[in-house]
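The values are calculated or read from the model by the stated rules, or taken from the named source; none is laboratory data. These figures come from a predicted structure and were not determined experimentally. In this analysis, Cβ positions are derived from the backbone assuming ideal geometry, glycine residues included, and neighbour counts consider all displayed protein chains.
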Amino acid sequence: MKEAMGKLEELMEIGGTKKDIAFIVISGIALAMNLLGIEPFPFEIAWIAIILCGLPIILEAIIGLVTEFDIKADVLVSMAIIASVFIGETFAAGEVAFIMQIGALLEDLTVAKARAGIEKLVHLTPKTGRVITDGTERIVPAEQIKLGDILRVLPGESIAVDGVIISGQTSINQAVMTGESMPVDKTVGDEVSSGTVNQFGAFEMKATKVGEDSSIQRMIKLVQSADAGKAKIVGIADRWATWIVVIALVAAIGTYLVTHEIIRSVTILVVFCPCALVLATPTAIMAAIGNSTKHGFLVREGDALERLAKVKMFAFDKTGTLTYGTPNVVAVKSVLSGLDDNELYRYTASAEKLSEHPLGKAIINSFRQSGKGELIDPVDFNMIPGRGVSVSLDGKRILAGNYKLLEENGVTVDVTDDVNEYLGQGCTLTYVSVDGSYAGYIALSDKLREDAPDMIDQIKNLGVTPVLLTGDNLNAAQNMAKKLHINEIHARCLPEDKLTYIDKYQEEDKPVCMIGDGINDAPALKKAEVGVAMGGVGSDIAVDAADIALINDDVREFPHLLALAKRMMNTIKLNLAFSLGLNFLAIILAITGVLNPVFGALVHNAGSVVVIVNSALLLSWRYIKK
């Protein structure tokens, strides 16, 4: 029996929204003709609405009862339709079914609009790519592109997989991944993401992430996991709906026993359908998910926004979250007579020109961005693992690396107060010697995101306390916290330490939202009331562990997300209060005979429309900074 009902349910879903619209239009015409007294058939034309709109409702109610004993709105609506037909109120029965289907369609359209911003990612998935093999170009399906393949991308084409440009220059429209409206210039060595669009020049690239590992596919997996039906508060509304069905039946039977007027009992069944109550929560959640998507967030868990509205603490990892996660040169200091700071900078960047070390690359990138000259081609380059590099430049022997490199080569490093100050701030120092003499140092540090301090202030304005959980030493953590206006700091945190602090806060009835980006943050993201991963720079493991991902790493949007969650909960509470109030008012009017089944259906379903429209307002809501 259950399998048969499942097959019937599948058949009912064929056609989707277009079928529903067609049935509603035909039913509306039939009811209008009935109201005008136009009867072209040998039966009441209202039966068309009962069959097209009412029969699917009745079938769904039967399926729910038989397969899961699921007593919800459809059960009461079905009883109202059947009772109206039984007493000869076919127009009322058709009207109830007609308006119920309109309410369901409005919900579907609201949800569809809310998810449109998310689902467009699926449609932006590139279908093919131009793979170059032995000088020959061939177009292959995107899923057949392999790691290390060389691809050519022409102007106007979407990039099929993630990769690195190996020849050519171009501008890339990254709006789908970052929300940036202006194209970004790219050249050899720059990374490009799947799903973004090549706007101007042709280029060749090497595939570094393919298939499900590519950026666009990762985003799609996050999208597909978003499900408003998981929200705990939806379950509460469903349980209320079940009790309302019971109350409505008792009220209808009691009214008939007292008044002996079946029409009043039928009207009670019509007006007491808990549709507005059931619609109150999922429409608000899906609208809020749609809004959050437009601001760069992908909500992976349906109840994440509900939980976020209750948090009292925002715990931030530092590197890659409040900072960019990439080192930059913050100071250059020469101590060698006849060698100024700029020349020391040039020598060090030139020495690192062939280096594969991240710090060496950071020095080169920073020097090039500074525009302070051209690099010198190094001679006799020697990479010393765990120490640094040794090269010849302009006939001079240059050493650039850590303290031990210079010490092992007989160079004495003068550790001055400014050196200790940079080290205390968490900077990494590259020491430099020229022809055996200590020449100075270059300090590198992770750069603070420009919008982070203002974001922290806005979080505070929303009544939430920020806390910094970082692996840095205490001095570096305090220095960063001062810039960010964060008062609570926990330094030298290992992954288990972050778990301990989050557990402590939550035991004190201070639910925590953890924001991080690295593999070491994954346990804390799982443990927190809500976990938010930096999807752009974050690791796959961190994103998988989180409830929400910020795909463009724009930290300015965190206050909006928090305020949106609070706004969503207020909308849900307002929807619930309104729907319950309307139901009880309508039942009083039905018991006293003020409402008949026709006007009862209008009043009841008008409530559903109001709830849906109120939820839809969340789609375009925007937090205004205080």
Worksheet item: Which of the residues spanning the stretch 342-383 are in a helix (DSSP H, G or I) and acidic (Asp, Glu)?
Response: Glu343
Worksheet entry | Members of the stretch 567-579 found to be surrounded by 17 or more Cβ atoms within 10 Å (Cβ to Cβ) and of a type outside the set (Gly, Ala, Ser), listed by number | Arg567, Met568, Met569, Thr571, Ile572, Asn575, Leu576, Phe578
Worksheet entry | From Ala481, Ala477, residue being touching a Ser or Thr at 6+ places or on another chain (Cβ under 6 Å) and outside any loop (DSSP other than H, G, I, E, B) | Ala477
Discussion item. What are the pairs with Cβ atoms under 6 angstrom where one residue, in the stretch 474-487, is at positive phi and the other, located anywhere, is hydrophobic (A, V, I, L, M, F, W, C) and part of a helix (DSSP H, G or I)? Sequence gap at least six, or different chains.
Written reply: His485/Ile456
Fill in: Pairs where the first residue, in the stretch 147-159, is under 13 Å from Asn173 (Cα atoms) and the second is of a type outside the set (Lys, Arg) and assigned to a strand (DSSP E or B), C-beta under 7 Å, 6+ apart
Pro155/Asn198; Gly156/Asn198; Glu157/Asn198; Ser158/Val197; Ile159/Val153; Ile159/Val192; Ile159/Asn198
Worksheet item: Name the residues in the stretch 384-395 that are surrounded by 15 or more Cβ atoms within 10 Å (Cβ to Cβ) and either part of a strand (DSSP E or B) or of a type in the set (Asp, Glu) (or both), would you?
Response: Ile384, Gly388, Val389, Ser390, Val391, Ser392, Leu393
Item to complete: Determine whether the stretch 142-158 contains at least one residue that is modelled with pLDDT of 80 or more, surrounded by fewer than 18 Cβ atoms within 10 Å (Cβ to Cβ), in contact with a strand residue (DSSP E or B) (Cβ under 9 Å, 6 or more places away or on another chain) and assigned to a helix (DSSP H, G or I).
Response: yes
Item to complete: Please state which one of Glu157, Glu143 is in the same structural domain as Gln217 (by TED's automatic domain parsing), within 17 Å of Asp213 (Cβ to Cβ) and not aromatic (Phe, Trp, Tyr).
Response: Glu143
Practice prompt. Kindly establish whether Phe297 is under 44 Å from the mean Cα position of the chain (by Cα) and within 17 Å of Ala92 (Cβ to Cβ).
Written response: no
Item to complete: Specify the residue that is farthest from Leu525 (Cα to Cα); the eligible residues are those in the stretch 463-485 that are touching a helix residue (DSSP H, G or I) at 6+ places or on another chain (Cβ under 6 Å) and buried (at least 17 other Cβ atoms within 10 Å of the Cβ).
Response: Leu484
Fill in: Residues of the stretch 550-575 that turn out to be of a type in the set (Asp, Glu) and not in a helix (DSSP H, G or I), as a count
2
Worksheet, complete the sentence: A careful count of residues in the stretch 324-348 that are β-branched (Val, Ile, Thr), touching an Asp or Glu at 6+ places or on another chain (Cβ under 9 Å) and buried (at least 23 other Cβ atoms within 10 Å of the Cβ) gives 1
Item to complete: Collect the residues in the stretch 467-490 that are over 16 Å from Ile515 (Cα atoms) and either modelled with pLDDT under 90 or among the charged types (D, E, K, R) (or both), keeping them in residue-number order.
Response: Asp472, Asn473, Leu474, Asn475, Ala476, Ala477, Gln478, Asn479, Met480, Lys482, Lys483
Discussion item. Tell me whether the stretch 123-133 contains one or more residues that are assigned to a helix (DSSP H, G or I), modelled with pLDDT under 85 and not β-branched (Val, Ile, Thr).
Written reply: yes
